[in-house]
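The values are calculated or read from the model by the stated rules, or taken from the named source; none is laboratory data. Model, not experiment: these values are computed from the prediction. Positions of Cβ are backbone-derived with ideal geometry, glycine not excepted, and every protein chain shown enters the neighbour counts. What goes into the accessible areas is simple: the full protein's heavy atoms, side chains included, and nothing from ligands, DNA or RNA. Shrake-Rupley method; radii C 1.70, N 1.55, O 1.52, S 1.80 Å.
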Amino acid sequence: MADEMELDDEIENEAIEQAPEVNTLFMPGQTIDNLKALEGTLKVVLGPGLQIQGSKVVVTKVGILRFKEPNVYWLDSHQRRYVPVQGDHVLGVCSMKAGDVFRVDIGSNEPAGLSYLAFEGATKRNRPDVRVGDLLYAKVQTANKNMETELVCVNNQEKSAGMGVIRNGGFVFTSPLHLVRKLLNPECVLLKTLGKTLKFEVAIGMNGRVWVKGRSSVDTIAVANAIMSAEHMTNNQIKVMCQRLSHVLSTVPKEDLEPEEVENIT
Amino acid sequence: MVLFRSSLSELYTSVNTERNAPAADTPQPSNTLDSYTQLRKLADAHQTFTMNGEISNKQLRKVTGELSLLSRSDGSASLCSGDTSMIASVYGPAEVKIAKEQISRATVEVTYRPKSGMPGCNEKLKENIICNTCESVILTCLHPRSSVSLTIQELHHAGSQLACALNVANLALLDANVNMKFMVAAVNCAFTDKGQLILDPTLKEEQAARVTMTFAFDSVSKDILTVYTTGLYTEEEFDTALKACKAASVEIFNFYKEIMQKNLSKE
């Protein structure tokens, strides 16, 4: 999944004396000195929340400074509004069909464009079946502040790879972006622990939208609630919560189970 | 005069508790009501009688706040400065109306809602001041063809309104994590007829004041971003007010840092 950070700029750094305080809070306007550069090259990679102004590196958001070897810095912050980043997987709703492109609402400042040719097996004659109101799982192809965001539903090998229109029900909800990043973090145990007791499908968009479908509506609601409540939980708390959840669910009568095979696509 | 001085320390504490506690939380038993009103009178007198010509209230009223209290907005905050309290919400960078779209930068929209009634000229003026300040705070060039809309709802008016509005706007912007050049802290002050400076005046003090001034400072160079004044004043008065407000703004910047630290350390 596209949970890696977009790296904006590369700058030259003069002196390496003392590393900045990593894992501490930084506020907008603060400058960061003595960034650790790649050995021999004087280069530093800056991620979200950091900007070069003149010869200084300035913080533009509130967040906790993170560092990754050898020379990557970014700001870990809480946000609810999505700003498109190239390579992100997003969940959107088709809002309009306009000639060759579909307009897809992905929660950013303007609807993104999705060409009808950017689907697996789509040709000029064989158009994909996308209707207004359909839920789409797509990848951000181009993201530029001055241009319209472009989505695709195929990967480099022209395969759908799980992307495309999501049908057959389920439930979509919106969550803060840091929760989504947490879910996609390989260290987070939530989905794995939930998967031990429940069978469900889930599609997670970096734009803060999550689609869940369980075997019954009770399961779907349970999974959605578990995800939404995990925002401020540690891994141990998540495990306890999942245990309680499975205990509660075992007491619910299983009436409306659908026999279809359920698989986990993420 | 002598009487006042002897009970000065006692009075000062009473003034402080009165200023810091919400009005609704100070129920007075009927038998002490007289002494309470007397105390109030003394407290009001205190501000004009003591510290000849010096700053009589060096402290700001107690500032408290809360973040992310609205569920639908991208960022929200409430701020109580003494009894004055406001709530603000931010949507952005979001879709913009075509009429307001700017090709090179984001459009900042501010709506100020008074406690009761429809917004009038005063509110429009405030909106304008807040909008101009926010435009210089937000890195609008990073989000062209989008809008950052701010709504500020006044909950209780007890003096230093504009300063509180600016501070709550800044707090909401921080919560929404909009890209910002720096933070802003606003401080209000007033001069009485006798030329004393009152920092963060209450509504009563504001109405009696000859001059009121509101300064907004940025967090990096601590320079003035916005000044709004009413009344006639001398250059020296302006300088003293500026100095006192600048010193007090540090307190607000510290408050921002504290509240954000608390918010981000939930995990």
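Selection of the range A:101-152 for residues being within 14 Å of chain B (Cβ to nearest Cβ) and either of a type in the set (Phe, Trp, Tyr) or open to solvent by less than 50 Å² (accessible area, probe 1.4 Å) (or both) yields A:VAL104, A:ILE106, A:GLY107, A:SER108, A:ASN109, A:GLU110, A:PRO111, A:ALA112, A:ALA143, A:THR149.
Residue selection: B:ILE252 satisfies the criterion of being within 14 Å of another protein chain (Cβ to nearest Cβ) and buried (at least 16 other Cβ atoms within 10 Å of the Cβ). Residues in the range B:66-119 that are over 16 Å from the mean Cα position of the chain (by Cα), away from chain A (no Cβ under 12 Å) and closer than 20 Å to B:LYS262 by Cβ: how many? Total satisfying the criteria: 1. Test A:LEU191 against the criterion of being under 20 Å from A:ARG80 (Cα atoms), assigned by TED's automatic domain parsing to the domain that holds A:MET233 and in contact (Cβ under 8 Å) with a residue 40 or more places away in the chain, and give yes or no. Answer is no for this residue. Going through B:THR240, B:THR212, B:THR226 one at a time, which residue ends up being under 24 Å from B:ALA77 (Cα atoms), more than 14 Å from chain A (Cβ to nearest Cβ), of a type in the set (S, T, N, Q) and surrounded by 14 or more Cβ atoms within 10 Å (Cβ to Cβ)? Answer to the check: B:THR226.
With respect to B:ILE152, is the statement that it is in contact (Cβ under 8 Å) with a residue 40 or more places away in the chain, away from every other protein chain (no Cβ under 14 Å) and within 27 Å of B:ASP239 (Cα to Cα) true? Against the criterion (in contact (Cβ under 8 Å) with a residue 40 or more places away in the chain, away from every other protein chain (no Cβ under 14 Å) and within 27 Å of B:ASP239 (Cα to Cα)), B:ILE152 does not qualify. Of all residues in the range A:190-217, those satisfying the criterion of being of a type in the set (Val, Ile, Thr) and crowded, with 17+ Cβ neighbours inside 10 Å are A:THR193, A:VAL202, A:ILE204, A:VAL210, A:VAL212. Would you mention how many residues in the range A:230-246 are in contact (Cβ under 8 Å) with a residue 24 or more places away in the chain, touching a Ser or Thr at 6+ places or on another chain (Cβ under 8 Å) and assigned to a helix (DSSP H, G or I)? The number of residues fulfilling the criteria is 5. Only one of the numbered conditions (1) out of contact with any Cys (no Cβ under 8 Å at 6 or more places or on another chain); (2) away from every other protein chain (no Cβ under 14 Å) is violated by B:VAL187, and that is (1).
Scanning the range B:61-74 for residues that are in contact with a Ser or Thr (Cβ under 7 Å, 6 or more places away or on another chain) and open to solvent by less than 50 Å² (accessible area, probe 1.4 Å) gives B:ARG61, B:VAL63, B:GLY65, B:SER73. Considering (1) under 12 Å from the mean Cα position of the chain (by Cα); (2) modelled with pLDDT of 95 or more, the lone condition that B:SER160 does not fulfil carries the number (2). The listed residues are B:ASN179, B:ASN122, B:ASN170, B:ASN132, and the only one of them that is open to solvent by 10 Å² or more (accessible area, probe 1.4 Å) and at the interface with another protein chain (Cβ under 10 Å from one of its Cβ atoms) turns out to be B:ASN179. Within the range A:47-70, restricting attention to residues that are of a type outside the set (Lys, Arg), in contact (Cβ under 8 Å) with a residue 40 or more places away in the chain and closer than 14 Å to A:THR24 by Cα, the residue that is least open to solvent (accessible area, probe 1.4 Å) is A:LEU65. Scanning the range A:218-231 for residues that are among the β-branched types (Val, Ile, Thr) and either touching a strand residue (DSSP E or B) at 6+ places or on another chain (Cβ under 6 Å) or open to solvent by less than 10 Å² (accessible area, probe 1.4 Å) (or both) yields A:THR220, A:VAL223, A:ILE227.
Here's the yes/no breakdown for (1) part of a helix (DSSP H, G or I); (2) at pLDDT 95 or above:
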{"position": "A:ALA138", "(1), (2)": "no, yes"}
{"position": "A:MET147", "(1), (2)": "no, no"}
{"position": "A:THR193", "(1), (2)": "yes, no"}
{"position": "A:MET206", "(1), (2)": "no, yes"}
{"position": "A:VAL210", "(1), (2)": "no, yes"}
{"position": "A:MET228", "(1), (2)": "yes, no"}
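Of the residues making up the range A:46-68, those that are among the polar types (S, T, N, Q) and within 13 Å of chain B (Cβ to nearest Cβ) are A:GLN51, A:GLN53, A:THR60. In summary, B:VAL148 fulfils each of the numbered conditions (1) in contact with a Pro (Cβ under 9 Å, 6 or more places away or on another chain); (2) more than 25 Å from A:ARG81 (Cβ to Cβ); (3) open to solvent by less than 10 Å² (accessible area, probe 1.4 Å); (4) not in a loop (DSSP other than H, G, I, E, B) with the single exception of condition (2). Restricting A:SER115, A:SER95, A:SER108, A:SER55 to those that are under 27 Å from B:ASP74 (Cβ atoms) and more than 18 Å from the chain's Cα centre (by Cα) reduces the list to A:SER95.
In the range B:90-113, which residues are surrounded by 24 or more Cβ atoms within 10 Å (Cβ to Cβ) and in contact with a Leu (Cβ under 6 Å, 6 or more places away or on another chain)? Once the filter is applied, which keeps residues that are surrounded by 24 or more Cβ atoms within 10 Å (Cβ to Cβ) and in contact with a Leu (Cβ under 6 Å, 6 or more places away or on another chain), the range B:90-113 yields only B:VAL90. Consider B:SER265 carefully, then state whether it is free of Cβ contacts under 8 Å to residues at least 60 places away in the same chain, touching a Pro at 6+ places or on another chain (Cβ under 8 Å) and within 12 Å of chain A (Cβ to nearest Cβ). For B:SER265, the condition - free of Cβ contacts under 8 Å to residues at least 60 places away in the same chain, touching a Pro at 6+ places or on another chain (Cβ under 8 Å) and within 12 Å of chain A (Cβ to nearest Cβ) - is not met.
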